[in-house]
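K.L.:
I have a structure here, written as structure tokens, and I will follow up with some questions on it.
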Amino acid sequence: MARKVVKKTAQPVKKSVIKKVKTSLKKVASKSTKKKIVLEPIMMQPPRGMRDILPGEQEYWNRIRMVLDKEYPKYGFGRIDIPAVEYSNLFVRSIGEGTDVIDKEMYSFLTKGKDKVALRPEMTAGIARAYIQHGMNVLSKPVKLFSTGPVYRYDRPQEGRYREHFQANFDILGEEDAVLDAQIIQLAHRIMGNLGIKDIQFQINSIGCPCCRKEYIEMLISYFDSKKKKLCKTCKARLKTNPLRILDCKEDKCVQVSATAPQTVDHLCDPCRDHFKDLLEYLDELELPYAINPQLVRGLDYYTRTVFEIWSVGEEGKKRSLGGGGRYDKLIENLGGEPTPAIGFALGLDRLAMEMKRIKAKSYESPKPRIFIAQLGSLAKKKSLRLFANLEKEGILIAESFGRGSLKSQLRSANRLGVEMTIIIGQKEALDETVIIKNMVTGTQETIPQEKVLNAVKKTLKTKPMIIRKKK
Ligand code: AMP
């Protein structure tokens, strides 16, 4: 029997169904838009321990930058810029497990690609990595590198201690001679002097080489072990992880115990003792202010022999470390490079700026313009923009307030800046290709052709400043 074929025809969709679909689509849409507009509140401040250094605070920073830029080439350093982020294990291997920097202070994280990286807690490890990576061992020795930038430590923030702070780093690689230790200390002293920071003292110590240090550490452990009860909780743990670090613990009870502990300088092997002796002789020769500090160990694994810090000694009894460094003769080798003795130090730029402010040191004064351009009308604005560029090309510093329309308010700005000459271009001058030159001291003014402006400006600048500006 033939089957009856039922032809299916498109049925009109019921209105109620359309309504249902529309409302559910609306719901989905409103849900997804709702998701988009739920914004987390933004904290109008940087993370704790980090801060903005505003234009108004830059006067000391500018002086520091200027002095650093002037000094590092004089001592034969070349600038190197390295990333603020490196693979974490570079720092762990260089600085060492059991140090505060690695165990407590390093900002380490996994990237989206699952790489273990860290914000640099100091610069030497990155410099050592770059030295090996770029085959700098073939360069003539010593290789002197200067670098500067932010470093990050998850420390407890307080005055002069930030989670992001800035350092200038000087490294000399490829020479073992103590003369370089002395030279780098001399450079630090010179920079301090140029910043106006005179009351400083170098704290110096030698922590020996892995050879003599091994024996010394055993002696130190047995000494601290016998006084274990008197140590703070952290130092009790340090006894196992980093006993040398107990020597520079600031807790009163640990300071007392450390005072009678065996000293590194009494347990140096002959080559290390000679090296330290040579350094002290060089420092005496240079008449640099230093003191031997047997307690100074500088807590990072990579240090060998010379370690030093720069302390400000001005404020009654309050000593602040402005910089520090030391030898790291084994670091390059430990990271896989060829044996390369090296020494370096870092200046804490935030601390330098603080110290300069405290002692009211000379800050950097940015050059002040002596000429102002004022304009009135759209054509005049175009002409003055061009004139500004032409004068600036000639190395002439010009002030302006192009955004303002009224001549009165522009002249007010010119007065406030204490300029001596204002070049005025109005609609008429713009069409005539002339300018008005107003002498801000006498108030007189004259109209001259535009091509004569440069000469008129140069003539004014040749004279001594007529307006004595009040110092801020
Ligand atoms: P360090 O590598 O710890 O010896 O640091 C070198 C210099 O950087 C120190 O002498 C300080 O002047 C400065 N410095 C170290 N840590 C901080 C910090 N958390 N905040 C500001 N400055 C610091």
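The values are calculated or read from the model by the stated rules, or taken from the named source; none is laboratory data. Keep in mind it's a predicted model, so treat the numbers as computed, not measured. Note that we place each Cβ from the backbone using ideal geometry, even for glycine, and neighbour counts take in every protein chain shown.
K.L.:
Among the candidates ARG63, ARG51, which residue alone is out of contact with any Pro (no Cβ under 9 Å at 6 or more places or on another chain) and assigned to a loop (DSSP other than H, G, I, E, B)?
P.N.:
Numbers: ARG63 fails: assigned to a loop (DSSP other than H, G, I, E, B).
So the residue among ARG63, ARG51 that is out of contact with any Pro (no Cβ under 9 Å at 6 or more places or on another chain) and assigned to a loop (DSSP other than H, G, I, E, B) is ARG51.
K.L.:
Are any of the residues in the stretch 266-288 closer than 24 Å to THR124 by Cα, at pLDDT below 90 and surrounded by 15 or more Cβ atoms within 10 Å (Cβ to Cβ)?
P.N.:
no
K.L.:
Tell me which residues, restricted to the stretch 277-326, are aromatic (Phe, Trp, Tyr) and under 14 Å from VAL265 (Cβ atoms).
P.N.:
TYR290, PHE308
K.L.:
Kindly indicate whether ASP177 is of a type in the set (D, E, K, R) and either closer than 30 Å to TYR107 by Cβ or more than 16 Å from the ligand (Cβ to nearest atom) (or both). Reasoning before the result, please.
P.N.:
On the way: of a type in the set (D, E, K, R): yes; either closer than 30 Å to TYR107 by Cβ or more than 16 Å from the ligand (Cβ to nearest atom) (or both): yes.
In short, yes.
K.L.:
Taking into account only those residues within the stretch 344-364 that are among the basic types (Lys, Arg) and within 16 Å of the ligand (Cβ to nearest atom), which is surrounded by the most Cβ atoms within 10 Å (Cβ to Cβ)? Write out each step before concluding.
P.N.:
Initial filter on the stretch 344-364 (among the basic types (Lys, Arg)): 351, 357-358, 360, 362.
From what is left, the residues that are within 16 Å of the ligand (Cβ to nearest atom) are 351, 357-358.
Details: ARG351: 21, LYS357: 13, ARG358: 13.
Here the answer is ARG351.
K.L.:
Within the stretch 147-156, take every residue that is more than 8 Å from the ligand (Cβ to nearest atom) and surrounded by fewer than 20 Cβ atoms within 10 Å (Cβ to Cβ) and give me the one that is farthest from GLU333 (Cα to Cα). If you could, list the steps in order and put the result at the bottom.
P.N.:
Our first condition is that a residue be more than 8 Å from the ligand (Cβ to nearest atom); within the stretch 147-156, this holds for 147-150, 152, 154, 156.
From what is left, the residues that are surrounded by fewer than 20 Cβ atoms within 10 Å (Cβ to Cβ) are 149-150, 154, 156.
Values: GLY149: 26, PRO150: 26, TYR154: 29, ARG156: 33 Å.
Across the stretch 147-156, the extreme among qualifying residues is ARG156.
K.L.:
In the list THR442, THR422, THR447, which residue meets the criterion of being modelled with pLDDT of 90 or more, surrounded by 19 or more Cβ atoms within 10 Å (Cβ to Cβ) and either among the polar types (S, T, N, Q) or outside any helix (DSSP H, G or I) (or both)? Show your work before the answer.
P.N.:
On the way: THR442 fails: surrounded by 19 or more Cβ atoms within 10 Å (Cβ to Cβ); THR447 fails: surrounded by 19 or more Cβ atoms within 10 Å (Cβ to Cβ).
Among THR442, THR422, THR447, only THR422 is modelled with pLDDT of 90 or more, surrounded by 19 or more Cβ atoms within 10 Å (Cβ to Cβ) and either among the polar types (S, T, N, Q) or outside any helix (DSSP H, G or I) (or both).
K.L.:
Within the stretch 305-343, restricting attention to residues that are without any contact (Cβ under 8 Å) to a residue 40 or more places away in the chain and acidic (Asp, Glu), which residue is farthest from the ligand (Cβ to nearest atom)?
P.N.:
For the stretch 305-343, the residue satisfying everything is GLU333.
K.L.:
Considering only the stretch 365-397, state which residues are surrounded by 14 or more Cβ atoms within 10 Å (Cβ to Cβ), assigned to a helix (DSSP H, G or I) and touching a strand residue (DSSP E or B) at 6+ places or on another chain (Cβ under 8 Å).
P.N.:
Answer for the stretch 365-397, where residues must be surrounded by 14 or more Cβ atoms within 10 Å (Cβ to Cβ), assigned to a helix (DSSP H, G or I) and touching a strand residue (DSSP E or B) at 6+ places or on another chain (Cβ under 8 Å): ALA380, LYS381, LYS383, SER384, LEU387, PHE388, LEU391.
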